[in-house]
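The block underneath contains the structure these notes are about, expressed in C-alpha cells.
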Amino acid sequence: MEKDFELIEHTADIGIKAYGDDIEQSFANAAKALFSLIAEIDDVEEVVYRDIELTAADEESLLVEWLNELIYLFDTENIIFKRFDITELSNRKLKARSYGEKVDISRHKLKIGVKAATYHMLKIEKNNGYRVQVLFDV
C-alpha cells in the first residue's frame, strides 16, 4: 500500500479513507486516521493498552462500532491510541488490542474533538486490497 489513509473534505464533518492489504489493516488504519484527527500521534508512547471485543450486525456496523468504542475510551479514559493490533475480524466480530498513553497536555497537541463515527457515506470496498471510508461528527 502506498498510503495508510487520507482525509475527506465534507461541509460539516470530517472524513477519512483508510487502506490496507487486508480488512484488518484497513480497520487498523481507520483507527490510526481517527486519532491523527484528534491529536498529533507521533509523540504518543505505547505504555498502556486496551483489549476491545465487539459484535455487530455486519461489517459496516462493526467498523462504526470499532471507531466509536475508541472515541469512547478517549473521552472516558483520556487515552490517545497509536497502534492497533486486530487479532480477529469477521463480518460480525472484532477483537483487537489498542496501544497508546494517557493524554499529557505538556507533550500532546490535541487538534479537534471527534464526537462519533457515522453511517453517512460509509463504505468498505475490496479491490486490490481494502478501502474503508468513514465520516465523523466533530
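The values are calculated or read from the model by the stated rules, or taken from the named source; none is laboratory data. Just so it is clear, the model here is predicted, and its values are computed rather than measured. So basically every Cβ, Gly included, is an ideal-geometry build from the backbone, and we count neighbours across all protein chains shown. Note: accessible area is taken over every heavy atom of the protein model, side chains too, but ligands, DNA and RNA are not part of it. Shrake-Rupley method; radii C 1.70, N 1.55, O 1.52, S 1.80 Å.
Going by what's in this entry, would Ser61 be described as of a type in the set (Ser, Thr, Tyr), open to solvent by less than 50 Å² (accessible area, probe 1.4 Å) and more than 18 Å from Leu37 (Cβ to Cβ)?
Values: of a type in the set (Ser, Thr, Tyr): yes; open to solvent by less than 50 Å² (accessible area, probe 1.4 Å): yes; more than 18 Å from Leu37 (Cβ to Cβ): yes.
Spelling it out, Ser61 is indeed of a type in the set (Ser, Thr, Tyr), open to solvent by less than 50 Å² (accessible area, probe 1.4 Å) and more than 18 Å from Leu37 (Cβ to Cβ).
Would you kindly identify the strands (runs of 3 or more DSSP E) lying entirely within the stretch 68-138 that contain at least 2 residues that are modelled with pLDDT of 95 or more, open to solvent by 60 Å² or more (accessible area, probe 1.4 Å) and of a type in the set (D, E, K, R)?
Details: elements: 79-89, 93-102, 123-126, 130-137.
It comes to 79-89, 93-102, 123-126.
Look at Asp51 and say whether it is assigned to a strand (DSSP E or B) and surrounded by fewer than 18 Cβ atoms within 10 Å (Cβ to Cβ). Write out each step before concluding.
Numbers: assigned to a strand (DSSP E or B): yes; surrounded by fewer than 18 Cβ atoms within 10 Å (Cβ to Cβ): yes.
Yes; evaluated as a whole, the condition is true for this residue.
Tally time: how many residues in the stretch 7-22 are surrounded by 12 or more Cβ atoms within 10 Å (Cβ to Cβ), in a strand (DSSP E or B) and modelled with pLDDT under 85?
So in the stretch 7-22, the residues surrounded by 12 or more Cβ atoms within 10 Å (Cβ to Cβ) come out as 7-8, 10, 13-20, 22.
Checking which are in a strand (DSSP E or B) leaves us with 7-8, 14-20.
Subsequent filtering for residues that are modelled with pLDDT under 85 retains 7-8.
The qualifying residues number 2.
Quick one: count up the residues across the stretch 30-70 that are without any contact (Cβ under 8 Å) to a residue 60 or more places away in the chain and within 13 Å of the chain's Cα centre (by Cα).
Going through the stretch 30-70, the residues without any contact (Cβ under 8 Å) to a residue 60 or more places away in the chain turn out to be 32-33, 36, 41-42, 45-58, 61-62, 65-66, 68-70.
Filter again for within 13 Å of the chain's Cα centre (by Cα), leaving 32-33, 36, 41, 52, 62, 65-66, 68-70.
Result for the stretch 30-70: 11.
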